[in-house]
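Beneath this line is the structure, given in structure tokens, with notes to follow.
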Amino acid sequence: MAHRFLVLVILGLILRIGKSILNVYLDLDAWQRNIGIAGILLVGPSLWQYGEALFHKKRKLHWAIYLHFLPYLLFTLLCWTIPNRGDPLSYFIYDAVFAHLLMYLIMATRLLVNNHKDNKPKIYKWYRNLLIGVVLIWAFYIGNIAGLIPFYIGGALFFSLLVYMFSFLLLRNHTFSLEKYTASTIDQNTSMDMMDSINMLFEEEEIYLNHKLSLQEVAQALKTSPRILSQVVNENKGMNFSEFVNFHRIEKAKKLLVSPNGKDEKIISIAYDSGFGNVTSFNVAFKSFTHLTPSQYRRQNSPS
């Protein structure tokens, strides 16, 4: 559900980008300019509803939600009749469109603040960055309207830059995967309690030393499903299950590498003693977590 609103946010921005670029190089009709302006009316409610879907795990939309998109639909359907000729009425309508966006930016900001402590950090950071980007777009155009930013084409370039940034963050952080668990019914307290049980298995029983340890095996030990276990680790630690297991193995390896009994051990022995099945995967995982090879870590951290 959430990703549909994200698509609408990006679509609204693209409509506005297209209008800005084409309006510089082509003589657009008033209705064509209005199509682009209508994109801003799509961005606000879509951004707000995107946050609602992410934070509140909405599965179904109440019919009243569609009323928030009515201004966009009406503006688009009436694009042939809405004034866009540079007169006071046209400017008033233009200002009203950005006032509409401002209202939803405030609502989205309140949503973000209210969910600062109660939700998953990855989702919070992604939505915060998306909101900041749209706020910057709004501020740029307000500056242009006020005459503080004279270069109109700069708006299109700025829009393009932000869309590329959003796309980069989307791919880099696998944002659609952030929504993978939004339909789950597990609450935060249950998630935290289960995380305590997982930590006990890993920290006290050192279950990660089994190099064949699987998600299914840990889920069975905790009498839960692999999906729920994966969700709990992702929500509380910001890692997938494999990363979580390797994190504990690397922490064990770091201690062994500099311990009195382990400082003279071969790297391959440290790998096996930490739960890795082979030295290659150990070296790759170790450098991923520490940005050092095991040998470099030992040299830098061994007592003089």
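Just so it is clear, none of the values below were taken in a lab; they were calculated from the coordinates. Bear in mind that the values here come from a model prediction, so they are computed numbers and not experimental data. No Cβ is skipped: glycine too gets one built from the backbone with ideal geometry, and neighbour counts run over all protein chains shown.
Residues checked against (1) surrounded by 17 or more Cβ atoms within 10 Å (Cβ to Cβ); (2) β-branched (Val, Ile, Thr); (3) within 22 Å of TRP138 (Cα to Cα):
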residue	(1), (2), (3)
ILE17	yes, yes, yes
SER20	yes, no, yes
LEU26	no, no, no
LEU42	yes, no, yes
GLU52	yes, no, yes
PHE55	yes, no, no
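Scanning the range 223-248 for residues that are of a type in the set (Ser, Thr, Tyr) and more than 17 Å from PHE282 (Cα to Cα), we see that the one that is farthest from the chain's Cα centre (by Cα) is THR224. Residues that are hydroxyl-bearing (Ser, Thr, Tyr), farther than 29 Å from HIS56 by Cβ, surrounded by 15 or more Cβ atoms within 10 Å (Cβ to Cβ) and free of Cβ contacts under 8 Å to residues at least 12 places away in the same chain: does the range 135-148 have at least one? The answer is no, given that none of the residues of the range 135-148 is hydroxyl-bearing (Ser, Thr, Tyr), farther than 29 Å from HIS56 by Cβ, surrounded by 15 or more Cβ atoms within 10 Å (Cβ to Cβ) and free of Cβ contacts under 8 Å to residues at least 12 places away in the same chain. One residue stands out among those in the range 92-113 that are touching a residue at least 24 places away in the same chain (Cβ under 8 Å) and aromatic (Phe, Trp, Tyr): the one that is nearest to GLY143 (Cα to Cα), which is PHE98.
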